[in-house]
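Single-structure report; data block below.
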Amino acid sequence: MLNLENIVFFGSNNLAKKCLINLHKNFHKSKIYVVTKKNYNKDNPNVFKYASKNKLNIITLGQICRSKKEFSVGFSIRYHKILNKKIIDKFKYGIVNLHGGPLPHYRGNANHVFAILNNEKKFGVTLHYINEGIDSGNIISKKMFKINKRDTGYTLFNKVNIYGYELVNKFIKNLKKNKLIKGFPQNLSLGKNYKINDLKKMQNVNSKEILNKKLIYKKLRAFYHPYKNSIFLKIKNKKIHLKLQKNQYGL
C-alpha cells in the first residue's frame, strides 16, 4: 500500500489548474501542498486562486527544503523552475513532470516551435520522473500525434496540453489504485536539449533567406500565436517586421 499522505503540486497555468482539480478530487483525503506563482496571471490567477479557495497548503521551494516531512509524490505541470537534488530527495516516490515534447528526442524549451522548424511529421508529449538532469528522468508514458500542414507552433502547444492532461489523468488513476509506474530510462543520445538561445538564433536570416518564401512561411508557422500575429526576423543587426496574414498563409 502506497503512503500518499503528503502530495506536492508545482504549477501555475490553466493546464496546471485543470490537473490540480483532478488531483484534489481523487486525493481529497491527502494533504496537498501547492507551489505556484500568485501573480502568474493577474486577470486569472488560476492555480493560486483555486488553492486558496479550497484551503490547500500554499508553500515555497524553500519551505520544502526546510521541511522535516517526507513527501510522497510530486506533480510538476509545465513548471519552469529547476528542482534541485535536495528537493527531489524529499519525495519518497519521486516527482513526475509533464514535458511538452517527445522524449528523449526533444528536451528543453519551446519544443513545439522547434518541431515545425525541424520539419517534423510527428510530435508528442511525455510524462517522466524528474532527476538532476534536464528532462532526462525515466519515462512513464508518452503520446505521439501527427503534425498536419495547417499546424502552427500554437496549435501544437494546445495539442500537447490536451494529450498531456490525459497522461496525467491516467497516472492519477493508477496512483489511486496504488499502482506506481516506475518508468524506463531514456537513451539521451537520440535527442537534443533545446534552449531559448537556440530559438533566438532561428530568428536570424540572411539577405538571401528573406527571399525564400518557404523558409519564411515555416518560421511564421512555428512562431505563430493568435495574440501576437507577427514576428521579428533579424538580418545582421536589423530587425524586419513580418506580419502573419491568415488568408495568405492559410492559418
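The values are calculated or read from the model by the stated rules, or taken from the named source; none is laboratory data. The model shown is predicted, which means the values in this text are computed figures rather than measured ones. Don't worry about glycine lacking a Cβ; one is built from the backbone with ideal geometry, like all the others, and counts go over all protein chains shown.
Listing for the model above:
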read-out	value
Subset of the stretch 181-228 that is outside any helix (DSSP H, G or I) and of a type in the set (S, T, N, Q) - its residue that is farthest from the chain's Cα centre (by Cα)	SER207
Residue identified as over 26 Å from VAL34 (Cβ atoms), among the hydrophobic types (A, V, I, L, M, F, W, C) and in the same structural domain as THR60 (by TED's automatic domain parsing) among LEU127, LEU156, LEU103	LEU156
Close pairs from the stretch 113-136: first within 25 Å of TYR93 (Cα to Cα), partner hydroxyl-bearing (Ser, Thr, Tyr), Cβ under 6 Å, at least 6 apart	VAL125/TYR163; LEU127/SER141
Hey, LYS17 in a helix (DSSP H, G or I) and crowded, with 16+ Cβ neighbours inside 10 Å or not	yes
Failed criterion for VAL34 (all others in (1) farther than 23 Å from PHE171 by Cβ; (2) not in a loop (DSSP other than H, G, I, E, B); (3) not hydroxyl-bearing (Ser, Thr, Tyr) hold)	(1)
Residues that are polar (S, T, N, Q), surrounded by 17 or more Cβ atoms within 10 Å (Cβ to Cβ) and under 23 Å from LEU220 (Cβ atoms), drawn from the stretch 120-168	THR152, THR155, ASN161
Residues that are within 13 Å of the chain's Cα centre (by Cα) and of a type outside the set (Val, Ile, Thr), drawn from the stretch 113-128	GLY124, LEU127, HIS128
Residue satisfying condition, being in contact with a strand residue (DSSP E or B) (Cβ under 7 Å, 6 or more places away or on another chain) and either at pLDDT 95 or above or not polar (S, T, N, Q) (or both), within set GLY74, GLY62	GLY74
Selection within the stretch 73-110 - on the phi < 0 side of the Ramachandran plot, among the aliphatic types (A, V, I, L, M) and in a loop (DSSP other than H, G, I, E, B)	ILE82, LEU83, LEU103
